[in-house]
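Please read the structure below before turning to the comments.
The values are calculated or read from the model by the stated rules, or taken from the named source; none is laboratory data. Small disclaimer: the values here were computed from a predicted structure and weren't measured. Just so you know, the surface numbers come from the protein's heavy atoms only, side chains and all, with ligands and any DNA or RNA stripped out. Shrake-Rupley method; radii C 1.70, N 1.55, O 1.52, S 1.80 Å.
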Amino acid sequence: MNLNNGHDLHESETQPNAKRQKVSHQSNGNIDEKRPHLLASSDDASSDDTSSKSHEETLQKNQFGDMVTDPDISTDEWVNIWKKGKTKFHKKDVHSIIKTYLPRLIEGKKNPTFLLPLCGKSVDMKWLLDQGLNVSGCEIAEEGVEQFFQENNIDFTVESLGGKIEGKLYKGKKLPVTIYVCDFFELPSVTSCRYDCVWDRGSLAAINTKDRSRYCNVMKKLLKADGRWLLDVFELDHVKFAGPPFNQDTEELRQLIGIQYDFEQLRRKDAMNPWSETWGVSYFIVKDFLIQQKSDNI
């Protein structure tokens, strides 16, 4: 997501992290197959009237306008979100952070390879290609991948991933771009590629919070020992808003990444905007980090 506007904040100016009320988003690293329960949409006010009082006390709105008791979104539901065109999170402009910090990401690297997890049809991929870089993405929704190639007029081939993993591989015919249509958690078993750079634009912020530890472990497998990870996450309250995106505490993030990695905060900025205001959040802050393995661990 690129929901950034407003002004830079100092740490002391930021609202303290709000504790989750009504619905817990505390991550524990456990894998749970529980799915969200949609009780009403924003277009169906009558559903609210018929909800029991106990349900009213736990209902929260997600960014798609649904009232839910469980904020988790399954891979199948993400596929349906793309099919229904509920992709307001997709931005038409290249993210300013990747433009600003690209030189640091690729410094000292020859023909660096990039990975964009949960990439959708991100225009950042095309911009990186235009810089002469090799780009890979991973996206569960084939709809978004097809749109990326079509909207950028990139000729491509499609093949099955084969084996035990369900999915497809989209490859540019003339440009060095490859996108895996599969569950991100399966990517290390699909490809032997290890990447020089990762541009994580709100992907960690979008996955179910209970999967954060698993996500970071997969990312470490995909990143080369001397690779660099540019990470974009958010701080927001969840009193009324279910997410995604989900609040990311900086200290929890440090623990998820691990002490063997250098962890540099590049920016902390007020990102409140007209769309996030409709979520009912009292603050919305974007944070960007540069992560790389400490030299003595390489």
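Structure notes:
- Distance violations [Cα-Cα > 27 Å] among Lys88/Lys294; Lys88/Lys109; Lys126/Lys224; Lys88/Lys173; Lys110/Lys174; Lys126/Lys210: Lys88/Lys294; Lys88/Lys109; Lys88/Lys173; Lys126/Lys210
- Overall form of the range 57-115 per C-alpha gyration tensor (a/c, 1.5; a/b vs b/c): prolate
- For Arg254, the accessible area of its heavy atoms, probed at 1.4 Å with every protein chain present, is near 110 square angstrom.
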